[in-house]
2 protein chains.
Amino acid sequence: MAKLPPERRDNRRPLYQRTAEALAEVVAGTPEGGLLPSEPALARCLGVSRATLREAMRAFEERGLVVRRQGVGTFVRRRPPLIESGLEVLESIETLAARKGLPVQMGARTVARRPSTSDEAQQFGIAEGDDLLEVSRVIAAEGRPVAFLIDTLPAAILSERELRESFRGSVLDLLLRRGDPPLGVSRTEITAASAAPEIARHLSIQRGDVLLRFEAGLYGRDGRVIDHSLSYFLPGIFRFHVLRRIGHPAQAGRSGTAEE
Amino acid sequence: MAKLPPERRDNRRPLYQRTAEALAEVVAGTPEGGLLPSEPALARCLGVSRATLREAMRAFEERGLVVRRQGVGTFVRRRPPLIESGLEVLESIETLAARKGLPVQMGARTVARRPSTSDEAQQFGIAEGDDLLEVSRVIAAEGRPVAFLIDTLPAAILSERELRESFRGSVLDLLLRRGDPPLGVSRTEITAASAAPEIARHLSIQRGDVLLRFEAGLYGRDGRVIDHSLSYFLPGIFRFHVLRRIGHPAQAGRSGTAEE
DNA sequence: GCGGGCATGTTGTCTGACAATTGACGCTCC
DNA sequence: GGAGCGTCAATTGTCAGACAACATGCCCGC
């Protein structure tokens, strides 16, 4: 067995994850609507047990990448274009733009340090009055401003010095490069807004012009908020989309606390 | 075995799915950060094998609902508020509003039948010139218009007669009630737009006012487009959000492949 | 008192088997 | 000759049990 090259088998990352990656390549190498090898064959080929393969397979089915039909086989789904470049994966504007082949530059940047308000302190899990760092900057593509971003995070997490030295336009990328604290998920709220005067000035547009607005909380693995970000995009430059699955009625639900 | 009540075991839906639902209840009934029962215990309790349970568990982990630590246990993740009411689940405005306790009414409705253009024919997988149904309506909450929706779908899928009889404001809900064709995912593109004159009139707002705009393709399980919808929302009424997970490092350039 | 080995419980992975479902082939009967 | 039906092989769905890897706390020896 063990047909996977050693650098893949001996890696210290969980086998399931590596299997999922290998499976991703297999899926990518199969035409849309095409039939995948059978599970026993694939498991043999990847050097893992069928159970492990099936866990990865299940995740792929969950994401809508493959369709399984008992007694028939597993097929690569005819996929909506750009399936995995949607909002479900958190990445910086810079990373997104680079993937799309659109070069972007960071424009005017300002950094402010100020004590936190009571609300903010609670949100970040720090003491009231502890310092926050507020980083705002303009992102430009082809010489034209296309986005205005404001990040707020405790100064204890990111020092001004480190910001000066390592910041290349994205707080997210900086935190990812550093690897600490470990990041979990981002909860992003989406709405539309008209440009306030200051933002209009930064983006060289008219006051009141239409903007797409993201307000996001970046959560660490321990559930604490690490970074709060506010993003304003000129509509039409970036295309944001999200895959929505049909909700099984019995799913959502009572999390005990009936808030809102 | 078979501790699950019969109505759950004998159901014709796949066991894995029912297990996932049962697991959802267990997770919902566990405090945040709490420890779940061990996998063997849970499997016994749900009347399924550990392998099946693990597939469901894996899906939950994938969605960020639980955290598993080898040698320790599985914990319910401290979740960002409102975790599963985000955009990742496709539901109609009516369903969403009902869940939030906000009563909505359907306002002016128009239905048009017209032949498809070449582009549309390709999109829906029908012959050019085949009829399409175009349903537009206003959604109002507390007497005030808050959304304007336009659905377009082949007349072969939904007849004018059925539309007249069963339509209660949502094409999605209608298709779900009917159960045919089986629905897969929806790919929704998100942007901001200023209100065109006609839409402004429908929503009783000024021309040029800011709107949140969703353009969605509803895909059947076979990958074909079933319905195309365009939605305009007044910002601030509905709160849309999405959970974004950190992208797996599999994509960026591998830096130190020398050893390890 | 203190440190290290060890017992115990958990998740991670593997193996092999059988059940359920599907599609195709061949056979029978008309 | 053709239509209908049973059989069979291939595939996914599910199961049971085992062992490995790992984390934690207890207990024993020092």
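Run through region B:109-171 and list the GluC sites (Glu not before Pro) located in a DSSP loop whose Cβ has at most 12 other Cβ atoms within 10 Å.
On the way: sites: B:E120, B:E128, B:E134, B:E142, B:E160, B:E162, B:E165; in loops: B:E128, B:E142.
Sites meeting the loop and neighbour criteria: B:E128, B:E142.
Taking each label point as 7 Å beyond Cα in the direction of the beta carbon, state the distances from A:A108 to the same residue in the other copies, shortest first, in nm.
Going from nearest to farthest copy, the values are 4.3 nm.
Counting Lys +1, Arg +1, Asp -1, Glu -1, what net charge surrounds B:P103 among other residues with beta carbon under 13 Å of its beta carbon?
Counting the neighbours of B:P103, the net charge comes to +1.
Taking a label point 7 Å out from Cα toward Cβ, give me the nm distances from B:R44 to the same spot in the other copies, shortest first, one decimal.
Taking the point 7 Å beyond Cα along Cα→Cβ, the inter-copy spacings are 3.7 nm.
Given a 10 angstrom Cα cut-off, can you work out which residue in A:A56, A:A195, A:A28 is the most mobile in a GNM of chain A?
Result: A:A28 has the largest fluctuation of those listed.
Over what distance in Å are the Cα centres of region A:130-170 and region B:161-222 separated?
Each part's Cα centre sits 37 Å from the other's.
Under a 5 Å amide H to amide H cut-off, with H placed in plane at 1.01 Å, what residues pair with B:V48 once short-range neighbours are removed?
Correct list: empty.
Within the set of other residues whose C-beta is less than 15 Å from the C-beta of A:E128, count the net charge using Lys and Arg as +1 and Asp and Glu as -1.
Summing Lys/Arg as +1 and Asp/Glu as -1 gives -3.
Name the residue, out of A:V146, A:V111, A:V26, whose mean-square fluctuation peaks in a Gaussian network model built on chain A with Cα pairs under 10 Å.
Of A:V146, A:V111, A:V26, the Gaussian network model singles out A:V26 as fluctuating most.
Within the P(r) computed for region A:83-162, what percentage of the Cα pairs occupies the region above 14 Å? Working shown, then result.
Working: 2161 of 3160 pairs.
That fraction is 68 percent.
Which three extents, in angstrom, do the Cα atoms of chain A have along their principal axes, listed largest first?
Here the Cα extents, ordered largest to smallest, are 61, 43, 39 Å.
Counting Lys +1, Arg +1, Asp -1, Glu -1, what net charge surrounds A:S229 among other residues with beta carbon under 10 Å of its beta carbon?
On the way: positive: none; negative: A:D151, A:E215, A:D227.
After counting each charged neighbour, the total is -3.
Give me the tail of P(r) for the protein assembly as shown as a percent: Cα-Cα pairs with distance above 41 Å.
Pairs farther apart than 41 Å: 25 percent.
Which residues' amide hydrogens lie under 5 Å from the amide hydrogen of B:D227, considering only partners 5 or more residues apart or on another chain, with H built in the peptide plane?
It is B:L218, by chain and number.
Treat region A:160-219 as a sphere of radius equal to its Kirkwood radius over Cα pairs and apply Stokes-Einstein at 25 °C in a medium of 0.890 mPa s; give the translational diffusion coefficient in µm²/s, rounded to a whole number.
It diffuses with D of about 177 µm²/s by this estimate.
Work out, step by step, the length gained on full extension between A:R69 and A:R144: first 0.36 nm times the residue separation, then minus their alpha carbon distance; give nm to one decimal.
Extending this stretch completely gives an extra 22.0 nm.
Which whole-Hz couplings ³J(HN,Hα) result when phi for each residue of region B:120-134 is put into the Karplus expression 6.51 cos²θ - 1.76 cosθ + 1.60, θ = phi - 60°, listed in order with x for Gly and Pro?
Running phi through 6.51 cos²θ - 1.76 cosθ + 1.60 with θ = phi - 60° gives 4, 4, 5, 4, 8, x, 10, 7, 4, x, 4, 6, 10, 10, 10 Hz.
Under a crude label model (7 Å from the Cα following the beta-carbon direction), how far is B:E62 from B:R201 in nanometres?
Calculated label separation equals 4.8 nm.
Mind jotting down the distance between the C-alpha centroids of region A:93-128 and region B:88-105, whole Å?
32 Å
Work out the mean other chain Cβ neighbour count within 10 Å for the residues of A:233-244 and drop it here as an integer.
Counting other chains' Cβ atoms within 10 Å and averaging over A:233-244 gives 6.
Classify region A:145-250 from the C-alpha gyration tensor, please: rounded if a/c falls under 1.5, else prolate or oblate depending on whether a/b exceeds b/c.
oblate
How far apart, in nm, are the 7 Å Cα→Cβ label points at A:V26 and B:D119?
In this crude label model, A:V26 to B:D119 measures out at 3.9 nm.
If the label for A:A28 sits 7 angstrom from Cα along the Cα-to-Cβ line, what are its distances to the same label in every other copy, in nm to one decimal, shortest first?
In ascending order, 3.8 nm.
Sort out for me the Cα centre separation of region A:23-37 from region B:31-51, rounded to whole Å.
Answer, in whole Å: 33.
When the Karplus curve 6.51 cos²θ - 1.76 cosθ + 1.60 is applied with θ = phi - 60°, which whole-Hz ³J(HN,Hα) does each residue of region A:169-182 get, with x for Gly and Pro?
Per-residue couplings from phi come out as x, 9, 5, 4, 4, 4, 5, 5, 4, 6, x, 9, x, x Hz.
I need the phi-derived Karplus couplings for region A:155-164: 6.51 cos²θ - 1.76 cosθ + 1.60, θ = phi - 60°, integer Hz, Gly and Pro marked x.
5, 5, 7, 10, 7, 4, 4, 4, 4, 4
Does region B:12-52 classify as rounded, prolate or oblate by the C-alpha gyration tensor (a ≥ b ≥ c root eigenvalues; a/c under 1.5 gives rounded; else a/b over b/c gives prolate, otherwise oblate)? It would help to have the intermediate numbers written out before the result.
Numbers: a/c = 2.94, a/b = 1.47, b/c = 1.99.
Note, shape of region B:12-52 comes out oblate.
R0 = 45 Å: FRET efficiency of A:S38 with B:A112, Cβ-based, nearest 0.05?
0.40
Each value in this text was obtained by applying a stated rule to the coordinates, not by laboratory testing. From a predicted model like this one, the values you see are computed outputs, not experimental measurements. Every residue, glycine among them, receives a Cβ derived from its backbone with ideal geometry; neighbour counts consider all protein chains shown.
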